[in-house]
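Here's the structure, in structure tokens; my notes come after.
Every read-out reported here was derived from the displayed coordinates using simple, explicitly stated rules and does not represent laboratory data. Given the structure is predicted, the values throughout are model-derived calculations rather than measurements. Note that we place each Cβ from the backbone using ideal geometry, even for glycine, and neighbour counts take in every protein chain shown.
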Amino acid sequence: MKKRRKAREFVLQGLYALEISGNPPDVILEEMSSKSEDQEVIGFATELFMEAIKQKATLDKEVALIVENWEFERIALIDRLILRFALCELLQFQDIPPKVTINEAIELAKMYSTSQSGRFINGILDTLYKKLKTEKRIIKEGRGLIDTSEMHVKENDMGQIKIEHNPGQQRLKELGVESWPVWTKETSTFPWSYDVQETCYFLEGEVSVTPDGEKPVEMGEGDLVIFPSGLSCTWEIRKDVRKHYKFG
């Protein structure tokens, strides 16, 4: 698991504990620090946690202005906390690309919140990012300037898996996804190879796909995925899968 993914999990858990227990931040930080001996993980988690606390009122106000037909307090607590620290990351952490921040928030929502939360988080953060960018309030430098969508395209050109998290309904309609056949599979692990390219859209499930000789790639509900021709890999289905698919 990526170090910063683990750190963000700690931040979410810490903010949740702060809301529920009412313990002071230093007590929660002490508990957080006991969960890992990796100083890089704890360092990033601590910085993001404290910044999200300090900026809470401002961050929550920004989100409330974007959320349509919802009172801010009616949003699920986990979703509110993810939006809070993800927005903090967008605004305050200049070395992290915006799309990394948004994709990581989506993944945490899928892991810790409701089945619809990934799509909800994606929509709100995407809207916030566009608004803040127009207002010239997003300042990035170094690695933070990298456009990860371009990175994905380049990886796919080299025969790698391409993932588009939570594509909009218009995108799915243009592809004709609803007319594609549906494939289902229970939790299991098995080898697989692709003689032709496959494009699929996950309706349900959680999967880790490991290309031969490479690191695993995580995917699941709400993801549009392209598996290139010639790929050999191992599928590990952690949560029963149901997906639309198309070959060629």
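Test of understanding: ordering Glu236, Glu9 by Cβ neighbours within 10 Å, fewest first, what list do you get? Can you show the working numbers first?
Working: Glu236 16, Glu9 19.
In increasing order of surrounding Cβ atoms, one gets Glu236, Glu9.
Helix-derived [θ] at 222 nm for the chain: sum -39500 (n - 2.57) over DSSP H runs of at least 4, divide by residue count, nearest 500?
Theoretical 222 nm ellipticity from helices: -15500 deg cm²/dmol.
Can you give the extra length, in nm with one decimal, that the chain gains between Ser232 and Glu47 once fully stretched, where that is 0.36 nm per residue apart less the Cα-Cα distance? All intermediate terms of the calculation are to be shown ahead of the outcome.
Values: separation 185, 0.36 × 185 = 66.60 nm, distance 4.01 nm.
Length gained, Ser232 through Glu47: 62.6 nm.
Let me know the charge dipole size of the stretch 149-247 about its Cα centre in debye, to the nearest 20, where only the beta-carbon of Lys, Arg (+1) and Asp, Glu (-1) is charged.
180 debye
Only four residue types carry charge here, +1 at the Cβ of Lys and Arg and -1 at the Cβ of Asp and Glu. Report the dipole size of the chain about the Cα centre in Debye, rounded to the nearest 20.
Computed charge dipole of the chain: roughly 520 debye.
Inverting the mean 1/r over all pairs of different Cα atoms, compute the Kirkwood radius of the chain and quote it in Å.
Hydrodynamic radius (Kirkwood, Cα only) of the chain equals 19.4 Å.
Only helices at least 15 Å long along their axis, Cα-based, and averaging -0.5 or more on Kyte-Doolittle count here, so list those DSSP H runs from the chain.
3-21, 39-54, 56-66, 77-92, 98-112, 117-134
For the chain, what is the relative contact order in percent, using Cα pairs closer than 8 Å and at least 6 residues apart in sequence?
15 percent
Placing +1 on the Cβ of each Lys and Arg and -1 on the Cβ of each Asp and Glu in the chain, which of Ile226, Ile161, Ala64 has its Cα farthest towards the positive end of the resulting dipole?
Working it through, the farthest residue towards the positive pole turns out to be Ala64.
Output ³J(HN,Hα) for the stretch 168-180: one whole-Hz value per residue in order, computed from phi by the Karplus curve 6.51 cos²θ - 1.76 cosθ + 1.60 with θ = phi - 60°, and x for Gly and Pro.
The phi angles translate into x, 4, 5, 4, 5, 5, 4, 7, x, 4, 4, 8, 6 Hz.
Take the alpha carbon atoms of the stretch 122-139, find their center, do the same for the stretch 1-72, and report the distance between the two centers in whole angstrom.
A separation of 20 Å, based on Cα centres.
Once you order the gyration tensor axes a ≥ b ≥ c over the Cα atoms, which shape class does the stretch 3-145 get: rounded for a/c under 1.5, otherwise prolate or oblate by comparing a/b with b/c?
oblate
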